[in-house]
Amino acid sequence: MATRARLDLKLEKGEKETFSQAAALMGKTMAGFVRAAAKEKAQTLLEEARRVTLSPRDFATVAAALDRPFAPNKALRAAMKRARRARSAEPDSPFANSEWASAGRSNLKLTGPTTAHMLYAYSI
């Protein structure tokens, strides 16, 4: 059986009557109605909080940055060099003798729509 938690609410008389009427219309108990309504509202708020909305100018800036060829900076190059050295020092590593490790980079090439196009399609 799932663990349950309890939530007690103090309501105004008018609020309780409103909830009771709405629950009856939905064919639910008042507790079931309040739980479902609170869950729906919470999920909506959490979805909105996770979504990033950009102005058209900001979207264009992000899309242009994503479409530019990648060039690692000095700190990333140094980190990659340290990682290659660490991998080569560990003979049991699954990456030690792989093509990816010896090349020091991924051979993955993206084809199809650009990242900007995918972001735009997702934002519609």
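The one condition from (1) among the charged types (D, E, K, R); (2) at pLDDT 90 or above; (3) surrounded by 10 or more Cβ atoms within 10 Å (Cβ to Cβ) that LYS74 does not meet is (3). Just to check your reading of the model, which residue among ALA65, ALA103 is modelled with pLDDT under 90, over 23 Å from the mean Cα position of the chain (by Cα) and not charged (D, E, K, R)? Going through ALA65, ALA103 in turn, the sole match is ALA103.
The values are calculated or read from the model by the stated rules, or taken from the named source; none is laboratory data. In this text, all values refer to a predicted model and were calculated from it rather than measured experimentally. Every residue, glycine among them, receives a Cβ derived from its backbone with ideal geometry; neighbour counts consider all protein chains shown.
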